[in-house]
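**Q** One structure follows; several queries about it will come next.
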Amino acid sequence: MSSLRPSGTARLVADAEPADIAPDAIAVIDTHDRALSLERTALLRALEAASAATVGPHALMLRAGEATAAWLLAQLSPAAAPGPSIWLFAGPGNNGGDALCAAASLRRQGADARVCLPSEPTGPVGRWALERARAAGVPLQTLAPTPAQCAAAAWLVDGLFGIGLSRALGEPFASLARTLSARTAAGARVLALDIPSGLDADTGTIVGGELAVEVSHTLTFLAAKPGLFTGVGRDLAGHVALARLGVDDARIATLRHATAADGGVHHAAGDSTASDAAPTARHEAEPEGLPPRDEDETGHPAALPAALALNAPDGFAAAFPRRKASSNKGTFGSVAIIGGDTGTCGAAILSARAALYCGAGRVHAALIGQGGPAYDPPHPEIMMRQVDAIALDTMDGLTIGPGLGKSAHAAQVLRDVLALALPTIIDADALNLIAADPDLAARVRAQGRHLVLTPHPGEAARLLGVTTRDIEADRIDAITRLVRTYACTVVLKGSGTLIAAPDGRFAINPTGNSGLATGGTGDVLSGVIGAFLAQHLAPFDAALAATWIHGRAAEELAIAGVGPAGLTAGELAPAMRALLNRLLARRAGTSTMPETQAEE
Ligand SMILES: NC(=O)C1=CN([C@@H]2O[C@H](COP(=O)(O)OP(=O)(O)OC[C@H]3O[C@@H](n4cnc5c(N)ncnc54)[C@H](O)[C@@H]3O)[C@@H](O)[C@H]2O)[C@@H](O)CC1
Ligand SMILES: Nc1ncnc2c1ncn2[C@@H]1O[C@H](COP(=O)(O)OP(=O)(O)O)[C@@H](O)[C@H]1O
Ligand SMILES: [K+]
């Protein structure tokens, strides 16, 4: 086993000691059901620079280390004595510095913290952290712990790379990354510091496309990051907690303003401190067919989202109409689900049932095809007719797309619907029709403020004339382009569904699971958005509420054993109804549910 010799180059900094740290600077909050803001690398870099100028360059790293140590100690059973080991894997940059500070703190507090540090820290703050670890008596080694040591550890900690990773993980870090992921897959507890190494914090993709660490928990610093909640980020990051390190929202808001004014956040990301100045994998992998990232199809700079946030009930619950005793069915609006070509009327029925369960006053199924059923036997409440027999102009909200098909008749109905200028959600084949017809696309743009588009990545690719891979390579960039191109609220579906509006509001939905990866769940979502539009929610609010409730319903069903395997789309509607009513009761202060259920 080799060891690292003291370098003698670093010096302990007397004005940055744990005793100086206020408790709120190392407090950790859970990200569950909080409408937290999501910040990208350029802003985090600006924050780092601003903090370095005020509290000194070591203070944030020290806080990150103390927050990590406190969090880990809180997870360990106090009965376990002598404490089982905690192995921290430290990389060459400041993420490794965080791990070294955490190890020093753990050791000082009596825990058996050990560090694997394959190479010396490259920067002065990292070297300072190494000295702290040595001074605290932390055992350090360049080699990986043995499989037996890994298996015996209470926690493994991924402090290899954070937001400074500038190219694909190579050796020796790649092997360490595989070791950490294998332990996670085996059910061990593995904590990523800031982000799982290899994950792109801005996009939720893997830097270089191949290898990233998969962990059970992530403790992220300063602010939550979009890449933790969309794309492959959700799978890699596990349960995410946040340590703000004493930086408050007001400071972030001021910097966000300055960073945006400085030319947007995407391009400056990732490489500002990389001494080797390698281009980031994101920049190398610029997809063919898309205009350059900072321009849209018209050559204008792509408007980047003004404010990203996690989607949570606090952001939308107040938008629902009150259910007063004096309500009548007109109060909660009429919605028509337009679709159901011959052979695909099941999609329209699923969508209509979901609208019924989510509170619309009257639900119509407006079928395109011939020979459909006269009514839905389990739900005769749904008024089912040929589309031409329904007065669509009397509706409060419309859903068009489920099972619609791409016939000339379908295209004409879509054209007529757009002419009504009613609140409308456009899904499935209606999106494919728009992608194929510039005239329809122009009509969408003209009506944008009333509309919600709900593409899955394949439909999004058709709408932008690119490939599905291009969409998934940077989902935030893709939805930004969709919103600019079609001037309406867009829901880009998938794990970590994105919701964005033309005014710059932008959310990532953290609910949902693989149970939703089954036919018909998109039809359910479109029906519920239609129902919420009919209840007079604005398009963005309707999209936020529907995606959150849809995903949480799938999670609750999975807990009850109804999924993720074998969850059927039709089972979502009653679960969504229960969730909606809990939200409404909580808002009205009339909840009689047990606290654990009522506290969404
Ligand atoms: N941004 C902030 O304000 C804070 C940052 N902190 C930590 O610092 C991290 C960022 O630190 P750094 O900018 O040093 O970045 P990282 O620690 O992520 O690593 C960057 C270092 O690794 C090298 N590198 C990049 N890609 C590599 C690869 N594939 N193989 C080998 N070497 C590679 C770079 O040249 C650089 O030396 C954050 O993620 C966080 O953990 C914390 O200390 C708290 C505050
Ligand atoms: N792995 C997953 N995790 C979370 N949500 C998912 C996952 N897979 C699919 N979904 C969600 O399920 C729905 C599927 O919609 P869509 O692809 O249009 O299906 P369909 O056309 O069969 O109705 C979307 O809301 C999507 O976000
Ligand atoms: K990490």
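The values are calculated or read from the model by the stated rules, or taken from the named source; none is laboratory data. From a predicted model like this one, the values you see are computed outputs, not experimental measurements. We place every Cβ from the backbone using ideal geometry, glycine too, and count neighbours over all the protein chains shown. Heavy atoms of the whole protein, side chains included, go into the accessibility calculation; ligands, DNA and RNA do not. Shrake-Rupley method; radii C 1.70, N 1.55, O 1.52, S 1.80 Å.
**Q** Among (1) in contact (Cβ under 8 Å) with a residue 40 or more places away in the chain; (2) of a type in the set (A, V, I, L, M); (3) open to solvent by less than 10 Å² (accessible area, probe 1.4 Å); (4) within 14 Å of ligand 2 (Cβ to nearest atom), there is one condition Ala428 misses while meeting the rest; what is its number?
**A** Checking Ala428 against (1) in contact (Cβ under 8 Å) with a residue 40 or more places away in the chain; (2) of a type in the set (A, V, I, L, M); (3) open to solvent by less than 10 Å² (accessible area, probe 1.4 Å); (4) within 14 Å of ligand 2 (Cβ to nearest atom), the one that fails is (3).
**Q** In the range 116-170, what count of residues is obtained for those that are among the polar types (S, T, N, Q), within 16 Å of ligand 3 (Cβ to nearest atom) and open to solvent by 20 Å² or more (accessible area, probe 1.4 Å)?
**A** 2
**Q** If a residue must be in a helix (DSSP H, G or I), open to solvent by less than 20 Å² (accessible area, probe 1.4 Å) and under 19 Å from Leu398 (Cα atoms), how many such residues does the range 448-470 contain?
**A** 1
**Q** Okay, moving on. Six or more apart or on different chains, Cβ atoms under 8 Å: show the pairs whose first residue is in the range 149-163 and part of a loop (DSSP other than H, G, I, E, B) and whose second is near ligand 3 (Cβ under 9 Å from one of its atoms) and of a type in the set (Asp, Glu).
**A** Gly162/Asp98; Gly162/Asp194; Ile163/Asp194
**Q** Moving to a separate point now. Go through Ala517, Ala500, Ala487 for me and flag whichever is open to solvent by 20 Å² or more (accessible area, probe 1.4 Å) and more than 14 Å from ligand 2 (Cβ to nearest atom).
**A** Working: Ala517 fails: more than 14 Å from ligand 2 (Cβ to nearest atom); Ala500 fails: open to solvent by 20 Å² or more (accessible area, probe 1.4 Å).
Checking each option against the conditions leaves just Ala487.
**Q** Let me ask something else. So Leu398 fits all but one of (1) among the hydrophobic types (A, V, I, L, M, F, W, C); (2) farther than 19 Å from Ala538 by Cβ; (3) more than 16 Å from ligand 2 (Cβ to nearest atom); (4) buried (at least 20 other Cβ atoms within 10 Å of the Cβ); what number is the exception?
**A** Unmet condition: (2).
**Q** Go through the range 183-195 and give me each residue that's more than 9 Å from ligand 1 (Cβ to nearest atom) and either more than 27 Å from Asp30 (Cβ to Cβ) or open to solvent by less than 10 Å² (accessible area, probe 1.4 Å) (or both).
**A** Val190, Leu191, Ala192
**Q** Got a sec? Which helices (runs of 4 or more DSSP H) wholly within the range 475-588 have at least 3 residues that are within 21 Å of Pro321 (Cα to Cα) and in contact (Cβ under 8 Å) with a residue 60 or more places away in the chain? It would help to see each step written out before you state the result.
**A** Values: elements: 475-486, 521-534, 539-559, 569-588.
Ranges flagged: 521-534, 539-559, 569-588.
**Q** Still on this structure: Residue pairs, Cβ under 6 Å, 6 or more apart or interchain, first in the range 115-137 and assigned by TED's automatic domain parsing to the domain that holds Ala153, second among the hydroxyl-bearing types (Ser, Thr, Tyr). List them.
**A** What qualifies is Pro118/Thr142; Arg127/Thr9.
**Q** Can you find a residue that is in contact (Cβ under 8 Å) with a residue 12 or more places away in the chain, within 16 Å of ligand 2 (Cβ to nearest atom) and within 18 Å of the chain's Cα centre (by Cα) anywhere in the range 196-212?
**A** So far as the range 196-212 goes, yes, one or more of its residues are in contact (Cβ under 8 Å) with a residue 12 or more places away in the chain, within 16 Å of ligand 2 (Cβ to nearest atom) and within 18 Å of the chain's Cα centre (by Cα).
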